[in-house]
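Peer 1: Just passing along the structure, written as structure tokens.
The values are calculated or read from the model by the stated rules, or taken from the named source; none is laboratory data. Predicted model only: the values in this text are computed from it and were never measured. Heads up, the Cβs are rebuilt from the backbone with ideal geometry, glycines too, and the neighbour counts pull from every protein chain shown.
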């Protein structure tokens with residue numbers, strides 16, 4: 001054996017957190033609100049720097065993702081370059097978010113941002129304790145056709161302000 | 001050791017299936033028809049819900065991918081959020097497909113869909129037994145410039161109808 | 001145990017190289033020139049087939065990435081379908097590059113290419129020894145708005161010609 005056991009375990013934790021993030025995307029794009037809430041701890045937090053968005057706890061998470069489903073359907077949350085720092089049963093991660101929106105006339109690259117996450121290993125499974133979305137250039141989610149399609153979503157977000 | 005051996009093996013299987021899916025993409029975008037057929041079992045199936053596409057077995061798979069190469073070259077099959085359910089030497093997976101097409105005047109996001117797969121572990125290697133492509137919004141593969149570029153491909157697909 | 005130790009180690013090496021490539025992207029898109037140079041060996045090479053670009057060694061790598069930061073900011077280097085061939089403490093990999101550029105009016109898919117890499121395992125960590133970018137269709141980085149935004153970058157690249 002040339003690689004240490006610690007190396008194998010670190011790699012395995014990275015895979016399992018990557019799997020968790022894939023299930024988050026599936027729940028957001030093709031799943032149910034309950035499936036989306038399931039990838040968070042019961043007191044999980046979802047926030048965004050744009051507009052002071054802050055959604056805390058399972059009930060509010062379900063309410064929020066339902067608002068997303070109803071205002072901007074047909075998204076792909078393409079999540080790439082997942083970099084994870086491990087610390088036993090805790091971990092922190094960041095990943096890039098490249099969001100695409102399918103509309104009858106075209107597919108739009110509609111948002112460009114990144115996630116900053118905290119994870120917990122609970123009963124043999126990783127869960128998201130806190131996910132913050134950073135949107136460094138929110139102006140391109142408000143311009144042109146993308147801006148029109150997103151208008152109802154940004155309005156719905158006002159309910160979740162800090 | 002804090003993680004179980006089962007956890008390490010599950011993680012390793014996920015990595016090896018992810019590697020298989022990367023090799024599928026390479027064969028589709030930059031490789032040969034034989035390399036593409038090699039990622040399937042000899043009786044492998046590739047199908048799509050759009051147009052009842054159904055391609056069965058190595059010989060037909062080679063014929064089909066050659067039709068793709070000739071009608072819509074310069075694609076990137078960007079495959080993300082791979083979620084795998086393991087069951088010993090069998091597995092099922094789904095992943096998002098974000099297809100991009102490089103043309104002299106621009107790069108187009110041309111297709112937005114997802115794969116539903118069955119895999120088998122044979123002689124130390126994972127292979128695709130069945131891959132179905134779901135295209136929930138086929139209308140945007142038929143609109144505008146993307147529609148023009150794709151016309152010959154959809155026509156070629158008629159040969160592979162159920 | 002149904003999977004061999006070699007299988008677990010191969011999977012772990014793939015994960016750790018994938019993690020390295022994520023850190024490369026973070027340094028290129030949101031980090032510092034030093035963080036970007038850190039993912040290479042001290043004598044690391046970054047090259048491109050377009051324009052005979054060749055950047056060798058830490059000092060030149062830092063100079064080059066600073067030129068990228070200043071000429072084409074707000075990129076996402078979306079790197080997907082990572083296929084790695086392992087050989088002990090050496091490895092070779094290829095991955096697809098899908099570059100997106102965030103501008104106030106829109107997000108552009110601005111470049112479509114692939115990386116060909118050599119890696120080394122040094123003191124418990126993987127590093128990039130050589131990365132070559134292949135850009136099979138450079139014409140679409142020179143057309144339309146993308147061409148305008150990229151003009152200063154291609155000019156800066158002339159300093160790094162072979």
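Peer 1: Inspect segment C:107-125 for any residue being within 10 Å of chain B (Cβ to nearest Cβ) and either out of contact with any strand residue (DSSP E or B) (no Cβ under 6 Å at 6 or more places or on another chain) or surrounded by fewer than 18 Cβ atoms within 10 Å (Cβ to Cβ) (or both) and give the result as yes or no.
Peer 2: no
Peer 1: For segment B:136-153, state whether one or more residues are within 14 Å of chain A (Cβ to nearest Cβ), surrounded by 20 or more Cβ atoms within 10 Å (Cβ to Cβ) and without any contact (Cβ under 8 Å) to a residue 24 or more places away in the chain.
Peer 2: no
Peer 1: Going through segment C:141-162 one residue at a time, which ones are within 19 Å of the chain's Cα centre (by Cα) and within 21 Å of residue B:29 (Cβ to Cβ)?
Peer 2: C:141
Peer 1: Working only within segment C:82-136, note down all residues that are assigned to a loop (DSSP other than H, G, I, E, B) and under 13 Å from the mean Cα position of the chain (by Cα).
Peer 2: If the condition is that a residue be assigned to a loop (DSSP other than H, G, I, E, B) and under 13 Å from the mean Cα position of the chain (by Cα), then C:135 is the only one that fits.
Peer 1: Among the residues of segment A:37-57, are any within 14 Å of chain B (Cβ to nearest Cβ), modelled with pLDDT of 95 or more and not in a helix (DSSP H, G or I)?
Peer 2: The answer is yes; a qualifying residue exists.
Peer 1: For residue C:10, only one of the following conditions fails: (1) in contact with a strand residue (DSSP E or B) (Cβ under 8 Å, 6 or more places away or on another chain); (2) buried (at least 22 other Cβ atoms within 10 Å of the Cβ). What is its number?
Peer 2: (2)
Peer 1: Tally up the residues in segment A:1-24 that are within 13 Å of residue A:128 (Cα to Cα), within 14 Å of chain C (Cβ to nearest Cβ) and out of contact with any helix residue (DSSP H, G or I) (no Cβ under 9 Å at 6 or more places or on another chain), please.
Peer 2: The qualifying residues number 3.
Peer 1: Then there is this: Given the condition more than 9 Å from every other protein chain (Cβ to nearest Cβ), under 11 Å from the mean Cα position of the chain (by Cα), within 26 Å of residue B:93 (Cβ to Cβ) and in a helix (DSSP H, G or I), answer yes or no: does some residue in segment A:65-76 qualify?
Peer 2: Looking through segment A:65-76, at least one residue is more than 9 Å from every other protein chain (Cβ to nearest Cβ), under 11 Å from the mean Cα position of the chain (by Cα), within 26 Å of residue B:93 (Cβ to Cβ) and in a helix (DSSP H, G or I).
Peer 1: Restricting attention to segment B:85-103, does a residue exist that is surrounded by fewer than 20 Cβ atoms within 10 Å (Cβ to Cβ) and in contact (Cβ under 8 Å) with a residue 60 or more places away in the chain?
Peer 2: Yes, there is a match, as at least one residue in segment B:85-103 is surrounded by fewer than 20 Cβ atoms within 10 Å (Cβ to Cβ) and in contact (Cβ under 8 Å) with a residue 60 or more places away in the chain.
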